Amino acid sequence: FSGSGKTTTCTKYAYYHQKKGWKPALVCADTFRAGAFDQLKQNATKAKIPFYGSYMESDPVKIAEEGVERFKKENCDLIIVDTSGRHKQEAALFEEMRQVAEATKPDLVIFVMDSSIGQAAFDQAQAFKQSVAVGAVIVTKMDGHAKGGGALSAVAATKSPVIFIGTGEHMDEFEVFDVKPFVSRLLGMGDLSGFMDKIQEVVPMDQQPELLQMLSEGTFTLRIMYEQFQNLLKMGPIGQVFSMLPGFSSELMPKGREKESQAKIKRYMTMMDSMTNEELDSTNPKLMNESRMMRIARGSGRPLRDVMEMLDEYKRLAKVWSKMKGLKIPKKGEMSALSRNMNAQHMSKVLPPQMLKQIGGMGGLQSLMKQMGGGKDMKDMMGMLGGGGDN
């Protein structure tokens with residue numbers, strides 16, 4: 001659909017598979033929108049992905065056929081055809097899409113949809129499915145859009161599997177959609193299974209047990225906060241892991257304000273340098289009385305309100321941390337116990353009412369949960385994608 005970020009999504013999709021060892025290629029069959037080919041060309045060049053399009057040819061079917069043929073000869077194993085956007089009223093554009101599909105015989109047709117349309121997504125997805133065999137859906141602009149849940153539940157109601165969600169402008173802000181981590185993230189628990197995979201992916205083996213042990217104990221001292229701040233500033237392996245925790249990423253390091261955030265973290269660390277070992281290792285919040293705070297303020301040359309702000313930050317992060325208590329450490333790629341045991345009934349009780357409403361009530365939640373029951377459909381879907389197809 002127009003304006004939903006299709007061209008960007010095509011490149012992200014190609015880039016995602018390229019990193020997994022595929023040999024992707026992009027074909028621009030959008031002759032409707034001025035500048036579409038330029039955009040695709042720019043994106044593809046940046047991601048070092050071969051592309052094909054034409055400034056002269058106005059027939060999208062012809063371009064699609066030529067592009068697919070060319071890349072098949074070059075042994076590309078994932079050919080992505082970007083078509084014009086359309087709205088459900090535009091019969092002619094749907095006809096054009098049918099012709100492109102007929103000519104290229106794709107293994108998978110993906111419907112790209114902007115999450116900001118909320119529940120209206122049902123009609124769009126339905127119209128799309130009626131004119132061409134949609135195999136999957138990618139929902140874009142999920143970076144903090146208020147209507148995202150509604151869009152997802154609406155798509156789930158059309159029984160179309162959502163395979164990826166776009167979470168930002170950048171090439172790698174694109175993730176495989178799996179409903180349970182997604183819902184747990186809505187709940188503010190962070191994406192625990194993704195978090196576990198990330199630990200296993202980036203943290204050196206010898207540091208993993210210690211880190212997981214620390215997390216599962218759920219006790220968060222000022223010293224642990226200090227060490228995690230160091231990790232975040234270095235953004236080394238452990239920093240990447242912590243940036244996935246809900247309290248650390250969104251509030252501490254908001255996108256686009258990294259410099260500011262780093263300065264704030266360094267300020268907090270300066271104040272913590274003026275603390276005693278007893279204060280850094282204590283789990284007793286009552287320990288920090290006014291005279292201690294005054295001493296820390298003097299020692300670090302900061303006003304008292306800064307010390308109080310830093311201690312408030314500590315309390316907030318300690319609360320996030322405590323949710324990790326008793327974390328079962330799953331084997332690589334397995335769901336964390338938390339996500340695995342969630343069902344719609346349980347979820348409806350813990351979701352804030354306005355969020356439940358946004359997802360489309362209990363029905364919307366159930367269709368979302370059912371749509372990806374246990375992630376099996378997702379694996380089947382990826383199997384289809386990996387079925388040695390061409391475009």
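The values are calculated or read from the model by the stated rules, or taken from the named source; none is laboratory data. Owing to the predicted nature of the structure, the values given are computational and were not obtained by experimental measurement. FYI the Cβ positions are ideal-geometry reconstructions off the backbone, even for glycines, and counts take in every protein chain you see. Just so you know, the surface numbers come from the protein's heavy atoms only, side chains and all, with ligands and any DNA or RNA stripped out. Shrake-Rupley method; radii C 1.70, N 1.55, O 1.52, S 1.80 Å.
With protein chains left intact and a 1.4 Å probe, residues in region 64-173 average 43 Å² of accessible area per residue. Using the Cβ-Cβ distance between Ser216 and Lys159 with R0 set to 41 Å, the FRET efficiency works out to roughly 0.60. Measuring nothing but protein heavy atoms, the accessible surface of region 8-86 at 1.4 Å probe radius is 50 percent carbon and sulfur. These residues, Glu313, Glu74, go from largest to smallest accessible area, 1.4 Å probe, as Glu74, Glu313. Our estimate of slack between Arg223 and Ala92, defined as 0.36 nm per intervening residue step minus the Cα-Cα distance, is 40.8 nm.
So if I average 1/r over every pair of distinct C-alpha atoms in region 64-146 and take the inverse, what Kirkwood radius in Å does that give?
On the way: mean 1/r = 0.0708 Å⁻¹.
14.1 Å is the Kirkwood radius here.
Under 5 Å from the amide H of Val162 lie the amide H atoms of Val137, each residue being 5 or more positions distant or on a separate chain, with H modelled from the backbone and absent for Pro and chain starts.
Stretching the chain fully between Asp59 and Ser322 yields a gain of 88.8 nm (0.36 nm per residue, less the alpha carbon separation).
Per-residue 3J(HN,Hα) values for region 207-212, derived from phi via the Karplus relation 6.51 cos²θ - 1.76 cosθ + 1.60 with θ = phi - 60°, read 8, 4, x, 5, 5, 5 Hz in sequence order (x marks Gly and Pro). Our coupling estimate for region 289-294, obtained by passing each phi through the Karplus curve with A = 6.51, B = -1.76, C = 1.60 and θ = phi - 60°, is 7, 4, 5, 5, 4, 4 Hz, Gly and Pro reported as x.
The alpha carbon centroids of region 204-220 and region 1-49 are separated by 40 Å. Multiplying the residue separation of Phe32 and Glu74 by 0.36 nm and removing their Cα-Cα distance gives an extension gain of 12.4 nm. The solvent-accessible area of Phe32, taken with every protein chain present and a 1.4 Å probe, is close to 140 Å².
Classify region 1-142 from the C-alpha gyration tensor, please: rounded if a/c falls under 1.5, else prolate or oblate depending on whether a/b exceeds b/c. In terms of gyration-tensor shape, prolate. With the simple spin-label model, which puts each label point 7 Å out from Cα in the Cβ direction, the Lys315 to Arg257 separation comes to 2.1 nm.
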